[in-house]
Amino acid sequence: GAGVSQTPSNKVTEKGKYVELRCDPISGHTALYWYRQSLGQGPEFLIYFQGTGAADDSGLPNDRFFAVRPEGSVSTLKIQRTERGDSAVYLCASSPRQGWPYGYTFGSGTRLTVV
Amino acid sequence: TQLLEQSPQFLSIQEGENLTVYCNSSSVFSSLQWYRQEPGEGPVLLVTVVTGGEVKKLKRLTFQFGDARKDSSLHITAAQPGDTGLYLCAALYGQNFVFGPGTRLSVLP
């Protein structure tokens, strides 16, 4: 596609529920990144994929968070047993390749609210 | 401890004024970007600088990368209300970009 697409744009869920957030990167971009942005903060790295594999998942806060990219394009970020502290904007970005030095193209994000 | 620090945290100015915001680190980076983020949107890339001492201009915006590649500045001339937003710097750290906390700029008409 022309840009990075994220769905849904907003998600409200109850504490303890499971949620999935979807990212559709720019066509042909092999590197895909997930970031989380809390109110008033800069984006914090969660995980990145080069192709189908998670090349670095060191930013995932705990084992309730998991992400997949089975065919090397669309990625899904999955959060189990959601907690109120998970409320944030989840941003997805893509770049032509791993280690691309010229910056990312971001989607508009999914605003997750856990009540 | 933040890898990148940005100052000021907040800035509110009148239309037509000039301003400079800063991004600092104790680490050396091979690549540094500036992004602008508006409410409800993802960050949008403004510029990439890769060479120490490099200066880039984008209309009324001037970006400078420090000689030692540890810091950068963004100067806006004759600010307009459309410049309002969160200005983020980001640096390549390993294989990923690390972001600063941002400077929230408000330009009042």
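The values are calculated or read from the model by the stated rules, or taken from the named source; none is laboratory data. Just so we're clear, the structure is a prediction, and the values are computed from it rather than from any experiment. Every residue, glycine as well, gets a Cβ built from its backbone with ideal geometry; the counts of neighbours run over all protein chains shown. Keep in mind that these areas ignore ligands, DNA and RNA; they rest on the heavy atoms of the full protein, side chains included. Shrake-Rupley method; radii C 1.70, N 1.55, O 1.52, S 1.80 Å.
The table that follows gives values for the structure above.
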{"item": "Additional length obtainable on full extension of the chain from B:R60 to B:Y93, 0.36 nm per residue less Cα span", "result": "9.0 nm"}
{"item": "Inter-label distance, nm, simple model (7 Å from Cα along the C-beta direction), B:Y22/A:L39", "result": "2.9"}
{"item": "Long-range amide H partners of B:E15 with built H, under 5 Å", "result": "B:L108"}
{"item": "Charge dipole (debye, nearest 20) of region A:5-114; +1 at Cβ of Lys and Arg, -1 at Cβ of Asp and Glu", "result": "260"}
{"item": "Cut-off 12 Å between beta-carbons: net charge of the residues surrounding B:N96, Lys and Arg +1, Asp and Glu -1", "result": "-3"}
{"item": "Over 26 Å [Cα-Cα, chain A], rounded percent", "result": "12"}
{"item": "Derived scalar couplings ³J(HN,Hα) [region B:76-87; Karplus, 6.51 cos²θ - 1.76 cosθ + 1.60; whole Hz; x for Gly, Pro]", "result": "10, 9, 6, 4, 10, x, x, 7, 4, x, 9, 9"}
{"item": "Projected-area average for region B:5-98 over all orientations - Cα convex hull basis, square nanometres", "result": "5.9"}
{"item": "Projected label distance in nm at B:Q80 and A:T76, using a 7 Å step from Cα toward the beta-carbon", "result": "4.4"}
{"item": "Additional length obtainable on full extension of the chain from A:V68 to A:Y102, 0.36 nm per residue less Cα span", "result": "9.8 nm"}
{"item": "Most positive-pole-ward Cα, B:P39, B:F10, B:F29, against dipole of region B:5-107 from beta carbon charges", "result": "B:F29"}
{"item": "Unpaired by the 4.7 Å Cβ criterion, cysteines found in the protein assembly as shown", "result": "none"}
{"item": "Contact order normalised by residue count of chain B, Cα under 8 Å, 6+ apart, percent", "result": "37"}
{"item": "Given charges at beta-carbon only (K, R positive; D, E negative), |dipole| of region B:5-98 in Debye", "result": "260"}
{"item": "Karplus 3J(HN,Hα) series, Hz, for region A:4-18 with 6.51 cos²θ - 1.76 cosθ + 1.60 (x for Gly, Pro)", "result": "8, 10, 10, 9, x, 7, 9, 9, 10, 9, 8, 3, x, 7, 9"}
{"item": "Region B:10-109, accessible area per residue, ligands and nucleic acids excluded (1.4 Å, Å²)", "result": "45"}
